[in-house]
1. Please state the charge dipole magnitude for the chain, taken about the Cα centre, from unit charges on C-beta atoms (+1 on K and R, -1 on D and E), reported in debye and rounded to the nearest 20.
2. Measuring from label point to label point, each 7 Å out along Cα→Cβ, what is the T102 to R179 span in nm?
3. From the convex hull of the Cα coordinates of the chain, what is the mean projected area in square nanometres?
4. Of G103, H29, F77, which is farthest along the charge dipole of the chain in the positive direction, counting Lys and Arg as +1 and Asp and Glu as -1 at C-beta?
5. Could you work out [θ]222 nm for the chain from helices alone, using -39500 (n - 2.57) per DSSP H run of at least four and dividing by all its residues? Round to the nearest 500 deg cm²/dmol.
6. List the trypsin sites (Lys or Arg not before Pro) within segment 1-105 that DSSP assigns to loop and that have no more than 16 neighbouring Cβ atoms inside 10 Å.
7. For K119 and S88 in one chain, what is 0.36 nm times their gap in residues minus the Cα-Cα distance, to one decimal in nm?
8. Within segment 13-51, which chymotrypsin sites (Phe, Trp or Tyr not before Pro) sit in a loop by DSSP and count at most 11 neighbouring Cβ atoms inside 10 Å?
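Bear in mind these aren't lab numbers, they're just calculated from the coordinates by the rules spelled out. It should be emphasised that the depicted structure is a prediction, and the values quoted were computed from it without experimental measurement. For neighbour counting, all protein chains shown are included, and Cβ atoms are generated from backbone atoms with ideal geometry for every residue, glycine included.
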Amino acid sequence: MNLPNKITMARIIMIPFFIVALLVNFPFHEPIAVVIFIVASASDAVDGHLARSRNLITDFGKFMDPLADKLLTCSAFICLVELQMIPSWVVIIIIAREFAITGLRTLAASDGIVIAASKWGKAKTISQMIAIIALLLVNWPVMAFPALLLFGNIMVYVALALTLISGIDYFRLNKGVFRSM
């Protein structure tokens with residue numbers, strides 16, 4: 001397994017630690033959760049850069065990197081619903097899109113086609129991560145930056161829009177996958 005793929009797997013391993021840090025009340029749990037999420041989010045850019053710059057792009061990475069992003073962001077969004085910081089209907093739409101695209105990728109993979117992340121998909125992921133980080137920072141340290149709540153809420157709806165646009169784009173670009181059915 002090459003270095004970018006190891007970084008992708010490390011991002012997946014960080015998810016349970018992030019969830020525990022966010023939802024279990026212990027000293028400094030919120031800042032720890034924020035740091036874990038930021039490190040995990042940043043690892044997405046690092047593994048992508050390494051894979052492209054060192055010509056280490058693999059089918060495993062094309063499949064697992066977006067999956068790791070989905071697991072990280074969906075976990076965070078579900079936690080934010082539990083913390084009553086984001087409406088559940090928004091998260092349901094986001095997760096439904098993620099399942100749909102994963103299904104599309106699985107169907108394509110059965111025909112030997114690997115669907116890599118698109119520009120819209122990358123923009124969606126970045127906007128989701130920005131929204132999550134802003135909302136995670138709202139209460140730490142104790143509402144020090146109330147404007148973050150407004151910014152975080154705006155970014156949630158930007159992320160929702162990009163989630164829908166990218167989902168439609170994936171199906172539009174890959175409609176040929178359904179022709180073999």
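1. 560
2. It works out to 2.9 nm between the two label points.
3. Numbers: hull surface 42.8 nm².
Average projection, Cα convex hull of the chain: 10.7 nm².
4. G103
5. Value at 222 nm, helices only, nearest 500: -27000 deg cm²/dmol.
6. Working: sites: K6, R11, R52, R54, K62, K70, R97, R105; in loops: R54.
Passing sites in segment 1-105 are R54.
7. Stretched out fully, the K119 to S88 stretch lengthens by 8.5 nm.
8. F28
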